Ligand SMILES: NC(=O)c1ccc[n+]([C@@H]2O[C@H](COP(=O)([O-])OP(=O)(O)OC[C@H]3O[C@@H](n4cnc5c(N)ncnc54)[C@H](O)[C@@H]3O)[C@@H](O)[C@H]2O)c1
Ligand SMILES: [Zn+2]
């Protein structure tokens, strides 16, 4: 298997390298200063894959949402100062989406902005978080409330690192994979269906091919709308429901991509019931794919799996809390067909009630 390179055609454009040797290509230009922000667990497991980074100034932090705090941001900025970085320097992040989000935000703020290079090590970060330039930390009032758009100057998705992911983290990444394939079009969805068994088994070739396909889809969407004013909002397919689920369950109880999987099931049924979806068999098809991948296809599955009540009332409160719609008027991305999202839709109360009570 070779390394695939996909260009994200933002201004300026940047490459995303994908494959089981992608990290071999990560040789940062040291002339202007480079430092490394890594997940401490990832550094333990995979530091030897990046010998060219071994002698760089290094800040190790634990992965997880605890990395996305004001305190960690301050620590990372102080670290950049101590490492003598300048505006012309580069910060390399090595870890999951939390490390990329923290490092991206730190790089965008330090001396009004320096370069960031991501080396994502979770499936979710490889197919989603590392591409597109969104950065964020969490505030007391909620997730991702403080952030910037700051495109990386390169991304290295080394699929070898996915071998050690806990099952829950792989499942979470697969939820975003199904979402992206649904936006990519019929061919992407059909190829994912073919590959589902291999993916679940962690087959390296299936993983590398899937990451490359999903990055290509996301790259295209992001390049068309780098700051999410319009079409990029399609990437929120399944997410209004997912955020309500995460809110109702208590953040951290349901892995994000698993909530997205259930949200996709709901979004597809909403698309059909509201008369938007051309092919009435699509919800059943996606439900089967989610199950093949070990993911829940809706609320009933999710309740059983996670042993959670997820009462309709709590879900409704979660929907009202979602920041994308106007106050208490949540907006949804639905599908007319595979690859044809429709943005900014509201659902009538009776349909919403019946979906949440399923
Ligand atoms: N910026 C974006 O566009 C964007 C998009 C989607 C999600 N996100 C953000 O990404 C975050 C979630 O990312 P994540 O799921 O990667 O979480 P994460 O960074 O917390 O990683 C999940 C867990 O896996 C561990 N880990 C990482 N790589 C590993 C490996 N190779 N082997 C074993 N363990 C490993 C981490 O230490 C952590 O415990 C959320 O905060 C979310 O808001 C951002
Ligand atoms: Zn998501």
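Return yes when residue 205 is surrounded by fewer than 22 Cβ atoms within 10 Å (Cβ to Cβ), within 19 Å of residue 23 (Cβ to Cβ) and either in the same structural domain as residue 99 (by TED's automatic domain parsing) or over 18 Å from the mean Cα position of the chain (by Cα) (or both) and no when it is not.
yes
Out of segment 224-240, which residues are away from ligand 1 (no atom under 14 Å from the Cβ), surrounded by fewer than 18 Cβ atoms within 10 Å (Cβ to Cβ) and in contact (Cβ under 8 Å) with a residue 12 or more places away in the chain?
Those that are away from ligand 1 (no atom under 14 Å from the Cβ), surrounded by fewer than 18 Cβ atoms within 10 Å (Cβ to Cβ) and in contact (Cβ under 8 Å) with a residue 12 or more places away in the chain: 230, 231.
Of the residues 22, 35, 13, 76, which single one is within 26 Å of residue 227 (Cβ to Cβ), crowded, with 16+ Cβ neighbours inside 10 Å and either without any contact (Cβ under 8 Å) to a residue 24 or more places away in the chain or in contact with a strand residue (DSSP E or B) (Cβ under 8 Å, 6 or more places away or on another chain) (or both)?
76
Within segment 104-184, which strands (runs of 3 or more DSSP E) (wholly inside it) include 2 or more residues that are surrounded by fewer than 17 Cβ atoms within 10 Å (Cβ to Cβ)?
So the answer is 142-149.
When residue 254 is evaluated against the numbered criteria (1) crowded, with 17+ Cβ neighbours inside 10 Å; (2) more than 21 Å from residue 357 (Cα to Cα), which criterion, by number, is the only one it fails?
With (1) crowded, with 17+ Cβ neighbours inside 10 Å; (2) more than 21 Å from residue 357 (Cα to Cα) applied to residue 254, the lone miss is (2).
What residue, of 273, 228, 186, is farther than 27 Å from residue 310 by Cα and at pLDDT 95 or above?
186 is the lone residue from the list that is farther than 27 Å from residue 310 by Cα and at pLDDT 95 or above.
Residue 243 is checked against (1) closer than 19 Å to residue 303 by Cβ; (2) more than 14 Å from ligand 1 (Cβ to nearest atom) and fails just one. What number does that condition carry?
Among (1) closer than 19 Å to residue 303 by Cβ; (2) more than 14 Å from ligand 1 (Cβ to nearest atom), the lone unmet condition for residue 243 is (2).
Picking from 63, 47, which residue would you name as being surrounded by fewer than 18 Cβ atoms within 10 Å (Cβ to Cβ), modelled with pLDDT of 95 or more and either outside the structural domain of residue 126 (by TED's automatic domain parsing) or outside any strand (DSSP E or B) (or both)?
None of the others qualify; the one that does is 47.
When you scan segment 73-92, do you find a residue that is within 13 Å of ligand 1 (Cβ to nearest atom) and part of a helix (DSSP H, G or I), even just one?
no
Here is a check on your reading of the model: is residue 198 in the same structural domain as residue 232 (by TED's automatic domain parsing) and out of contact with any helix residue (DSSP H, G or I) (no Cβ under 8 Å at 6 or more places or on another chain)?
When the stated conditions are applied, residue 198 does not pass them.
Given segment 285-358, what helices (runs of 4 or more DSSP H) lie entirely inside it while holding 2 or more residues that are under 25 Å from residue 173 (Cβ atoms)?
By residue number, 299-306, 312-321.
The values are calculated or read from the model by the stated rules, or taken from the named source; none is laboratory data. This is a predicted model, so every value here is computed, not measured. FYI the Cβ positions are ideal-geometry reconstructions off the backbone, even for glycines, and counts take in every protein chain you see.
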